[in-house]
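For reference, the structure discussed in these notes is given below.
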Amino acid sequence: MLVLQATSPRSASVCARRRTECGFTLLELMVAVAVVRIVAAIGYPSMTAIITSNRLGAATNEMVATLQLARLEAVRLNRTVTVCRSDDGVTCSAGTVWDGWITVADLDRDGAVDDVLRTSEVPAAVQLRASTAIENGRIAFRSDGLAHARGGSPLNASVAVCVPTDGAVDNQRLISIGAGSRISTRSENKGGQCDAPGNS
């Protein structure tokens, strides 16, 4: 049995009124978009600074960990362990701008790469530059745990990890190698530029 229920004029007007209350007016939508734009404009610079800081921190930590590993392995193996610039992740190559690096051991003391202990790459948008004391793109730790310069004295050098930017933020971390083994880092504001570091 089919039962039909008539809709009263009063309930029809309530439904019609509810339909007009659903959704947004154009003015409300424009106000919401304006508020979102203001919040984004305020938050974007600080978000950029956070991203830059994270990229610098990651690359700096990777290089410091690599240097510490090379030093420890040189002592443990009683052999020379070298951190060197690498274009292919297998062999060492000369240069002051590093896109990647490897940690290699010379197990038979013939001066050739016998074992690649670690491979690292520079993250996107990050530049890594070595000071002039790091010759041929190599930092070699001997079995005494010290890195030496060409003349035999303990190495004093720097590696700059930098992100070029337009903002006035600390856009560079400087890794210093002092007395052949003392590794330290510090933040620097280079005005958004990435220059070659001096020797520490």
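No lab work stands behind these numbers, since they all come straight from the coordinates. Please read all numbers here as calculations on a predicted model, not as lab measurements. Positions of Cβ are generated from backbone atoms using ideal geometry, with glycine treated the same way; all protein chains shown enter the neighbour counts.
Data overview
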| quantity | calculated |
| --- | --- |
| Region 77-96, residues that are assigned to a strand (DSSP E or B) and either touching a Gly at 6+ places or on another chain (Cβ under 9 Å) or acidic (Asp, Glu) (or both) | 80, 84, 85 |
| Conditions (1) closer than 22 Å to residue 171 by Cα; (2) surrounded by 12 or more Cβ atoms within 10 Å (Cβ to Cβ); number of the one not met by residue 124 | (2) |
| Residue match in region 90-100 (condition: of a type in the set (Phe, Trp, Tyr) and closer than 20 Å to residue 74 by Cα) | no |
| Enumeration of residues in region 133-159 that are over 27 Å from the mean Cα position of the chain (by Cα) and basic (Lys, Arg) | 142, 150 |
| Tally, over region 127-139, of residues that are of a type in the set (A, V, I, L, M) and surrounded by fewer than 20 Cβ atoms within 10 Å (Cβ to Cβ) | 1 |
| Condition check for residue 103: surrounded by 19 or more Cβ atoms within 10 Å (Cβ to Cβ), among the polar types (S, T, N, Q) and either in a loop (DSSP other than H, G, I, E, B) or without any contact (Cβ under 8 Å) to a residue 40 or more places away in the chain (or both) | yes |
| Residue match in region 107-121 (condition: touching a residue at least 40 places away in the same chain (Cβ under 8 Å), in a strand (DSSP E or B) and crowded, with 18+ Cβ neighbours inside 10 Å) | yes |
